[in-house]
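Below is one structure; the comments refer to it alone.
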Amino acid sequence: MKKRFVLNFALDAADEPITYVLIKEYDLKLNILKAAISPEKGGELLVELDGDDKNLSEGLDYLRGRGVGVDAVDKKMLFRREECIHCGACVATCFAGALTIGAPDWELKFDAEKCVACEMCLKSCPLKLFDLRFG
Amino acid sequence: MTVKRSYEEINEKLKKGTAVVLTAEEVSKMADEMTPAEIAKKVDVVTTATFGPMCSSGAFINFGHPSPSLRMEEVTLNGVPAYGGIAAVDAYIGATSEHPQNPRYGGGHVIEELVRGKEITLRARGKGTDCYPRKEIETVITKEAVNEIFLFNPRNAYQNYAVATNTARSVKYTYMGVLLPELSNATYSTSGELSPLLNDPDLRTIGVGTRIFLCGAQGFVVWPGTQFNTSKLRNDKGIPKSNAATLAVLGDLKKMDPRFIKGAVFERYGVTLFVGIGIPIPILDEDLAARVAIRDREIETTVYDYGDPAHPMLGSANYADLRSGTIEVRGRKVKTAPLSSIKKAREIAEELRSWLKKGEFTLTAPVELFPTGTTVKGLEITGGAR
Ligand code: SF4
Ligand code: SF4
């Protein structure tokens, strides 16, 4: 199963090659989509992990055991849904397919599972309803 | 026998609650099984609507005189410049006016907040005259506290509009949204078969004095809108193939509903205002029945390249294609997305129908019809330019 997570770790805890361990020990395909490092907040990685369910959940436990914060990406994307006017301007820029609009109801749908945190909708929404807590 | 109906007959039926009122989408569906003659017999009024970004919008305000008074020459509302070059305590706040320090906030937002009943900070300055000696004030206003406040939008409800795409190698930030490089997306901004001026393309029933739904209040069409153009090429259904006629509209802001007006900002373009407009079309005869029966697939528009400053034409598309999610441009499949809200437009068409059904809204025949044979001029540069 493929899933996206935001990993948060203290900078001094990055002494163990966690990404290497995930690949080697847990047989997970790991794709780093985004990285941010700041002295105050430590490091943040947006990653996509692909592997079987058992390995995935054990890999995540391993990360937590190393003091790494693990959040599903949808917990990091903030969307003020009640204010949405269903214009569709964000859909034009969402190539991950997380934002869609169409027949029959022409209501904006947001599938956070598909979000790759590219931040395009932060720019394209004319009401500025999106925010990403990252970095 | 062909159907003929007068405005008076329809208003009489509306008052009695016997009129048949459909939305433009409903009547378009009906047209799959019925002829215009049959539709004309059955339907009295059709409601049309749109809810989209309309930059050419703004509000006139009369603040009332402080004692002693001042001649308000420089005016800001929540820091956003308003135009004070009219009488002492009158001003016009335009939708696209921006806060100098915070350009993501502007006139569109101020107008929305006024509709919401929020308090807005007014700062004004004048040189001081014998009759208006004061030079500066700061105070708080609301829509209820001011004398008059009415939306007066010089150009709204475009009859058809461009599809915008981008062939350039870089992202283009435009009033048509964020256009990704190399034909990766395309945006459009008309509610298609629900759109007001596409349902009465010859403007037989929409003219000076037509009562309309404006942002949740009853407003009026007061003049042809700016850039009013009746000379655009038309398709075989008589629908202009690109942006053509427009409306200047007016309505009491105090009565407007925040559900149908929204301040907005397009990235690296600027502030604007989403305006909700609904227009009822009386089915006076078979010709109008045929017009309102128009379907998305029968409405074409033109695709332009916003990646090139000259905006060259790239082709055309109909609204059924645009609404399917992809169109073909230069042999490539291009993802499409709307900028005007179809969901909101439907809400407006429904709301207008309920007003009509309750007898709260009467139809008005135009006091004067709009001109024909108009075109739009460009601007010649005789001085400097950059
Ligand atoms: S951040 Fe990117 S992928 Fe996620 S919803 Fe916004 S546009 Fe789509
Ligand atoms: S751009 Fe913003 S307001 Fe428009 S549909 Fe997307 S989230 Fe809603």
Q: Note down the magnitude of the dipole of segment B:64-146 about its Cα centre, charges +1 on Lys and Arg C-beta and -1 on Asp and Glu C-beta and zero elsewhere, to the nearest 20 debye.
A: 80
Q) For the protein assembly as shown, what is the convex hull volume of the alpha-carbon atoms per residue, in Å³? A) 209
Q: Could you work out the mean projected area of the convex hull around the alpha carbons of segment A:28-135, in square nanometres to one decimal?
A: 8.3
Q) Which whole-Hz ³J(HN,Hα) couplings does segment B:265-279 yield from phi under the Karplus relation 6.51 cos²θ - 1.76 cosθ + 1.60, θ = phi - 60°, glycine and proline marked x? A) 9, 8, 3, 6, 10, x, 7, 8, 9, 7, 10, x, 10, x, 10
Q | Net dipole in debye of chain B [+1 Lys, Arg Cβ; -1 Asp, Glu Cβ; about Cα centre; nearest 20] | A | 540
Q: Mind listing the long-range amide H neighbours of B:Ala82? Cut-off is under 5 Å, sequence gap 5 or more, other chains count too, H placed in the peptide plane at 1.01 Å from N.
A: B:Val75, B:Thr76, B:Leu77
Q: Can you check what the net charge comes to around B:Asp202, using other residues whose Cβ is under 12 Å from the Cβ of B:Asp202 (Lys, Arg +1; Asp, Glu -1)?
A: +2
Q: Project the alpha carbons of segment B:30-171 onto their principal axes and report the range along each, largest first, in whole Å.
A: 71, 50, 24
Q. To the nearest 10 degrees, how steep is helix B:7-16 against the longest Cα principal axis of chain B, on a 0 to 90 scale?
A. 90
Q: At a Cα cut-off below 21 Å, give the lysines reachable from B:Lys16, other chains included and same-chain residues fewer than 8 away excluded.
A: B:Lys4, B:Lys41, B:Lys42, B:Lys357, B:Lys358
Q.
Give the lysines reachable from B:Lys135 as a straight Cα distance under 19 Å; neighbours fewer than 8 places away on the same chain don't count.
A. B:Lys127
Q. Which of the lysines could a cross-linker bridge to A:Lys24, judged by Cα under 22 Å and excluding same-chain residues fewer than eight apart?
A. A:Lys2, A:Lys3, A:Lys34, A:Lys54
Q: Would you mind counting up the charge near B:Cys55? Only other residues with Cβ under 14 Å from its Cβ, with Lys and Arg at +1 and Asp and Glu at -1.
A: +1
Q) So which GluC sites (Glu not before Pro) in segment A:28-96 end up in coil per DSSP with only 12 or fewer other C-beta atoms within 10 Å? A) A:Glu40
(Q) Need one number: the % of Cα-Cα pairs in chain B sitting beyond the 40 Å mark. (A) 20
Q) For chain A, with the dipole built from +1 on Lys and Arg beta-carbon atoms and -1 on Asp and Glu ones, taken about the Cα centre, which of A:Gly59, A:Ala92, A:Met1 lies farthest toward the positive end? A) A:Ala92
Q: Between beta-carbons, use under 12 Å as the cut-off and find the net charge around A:Lys114, counting Lys and Arg +1, Asp and Glu -1.
A: 0
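Would you order B:Met30, B:Met176, A:Met77, B:Met313 from fewest to most other beta-carbon atoms within 10 Å of each residue's own beta-carbon?
B:Met313, B:Met30, A:Met77, B:Met176
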Q | Other protein chain Cβ atoms within 10 Å, averaged over every residue that makes up A:121-132 | A | 4
Q. Taking only DSSP H segments of four or more residues, each worth -39500 (n - 2.57), what value at 222 nm results for chain B once the sum is divided by all its residues, to the nearest 500 deg cm²/dmol?
A. -4500 deg cm²/dmol
Q) Looking at this model, which pairs from B:Lys13/B:Lys344; A:Lys76/B:Lys172; A:Lys123/B:Lys172 are more than 20 angstrom apart at the alpha-carbon? A) B:Lys13/B:Lys344; A:Lys76/B:Lys172
Q: Decide, for segment B:255-314, between rounded, prolate and oblate: order the square roots of the alpha carbon gyration tensor eigenvalues as a ≥ b ≥ c, take rounded if a/c falls under 1.5, and otherwise choose prolate if a/b is larger than b/c, else oblate.
A: oblate
Q. Taking a ≥ b ≥ c as the square roots of the eigenvalues of the Cα gyration tensor of segment B:169-282, is the shape rounded (a/c under 1.5), prolate (a/b larger than b/c) or oblate?
A. oblate
(Q) Can you pull out the trypsin sites (Lys or Arg not before Pro) in segment A:23-119 whose DSSP state is coil and whose Cβ has at most 16 other Cβ atoms within 10 Å? (A) A:Lys41, A:Arg66, A:Arg80
Q | Integer Hz, Karplus 6.51/-1.76/1.60 couplings in order for segment B:205-210, x for Gly and Pro | A | 10, 10, x, 4, x, 5
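Among the GluC sites (Glu not before Pro) within segment B:120-189, which fall in a DSSP loop and have no more than 13 other Cβ atoms within 10 Å of their own Cβ?
Loop-located and lightly packed - B:Glu144, B:Glu182.
Rounded, prolate or oblate: which fits segment B:236-342 when a ≥ b ≥ c are the square roots of the eigenvalues of the alpha-carbon gyration tensor, with rounded for a/c under 1.5 and prolate only if a/b beats b/c?
Since a/c reaches 1.5 but b/c is at least a/b, the shape of segment B:236-342 is classed as oblate.
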**Q.** In order through segment A:89-105: 3J(HN,Hα) via Karplus (6.51 cos²θ - 1.76 cosθ + 1.60), integer Hz, x for Gly, Pro
**A.** 4, 6, 4, 4, 10, 9, 8, 7, x, 6, 10, 9, 8, x, 5, x, 9
(Q) With +1 assigned to the C-beta of every Lys and Arg and -1 to the C-beta of every Asp and Glu, and no other charges, what is the dipole magnitude of segment A:76-134 about the Cα centre in debye, to the nearest 20? (A) 220
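No value in this document is a laboratory result; all are computed from the given coordinates. In this text, all values refer to a predicted model and were calculated from it rather than measured experimentally. Heads up, the Cβs are rebuilt from the backbone with ideal geometry, glycines too, and the neighbour counts pull from every protein chain shown.
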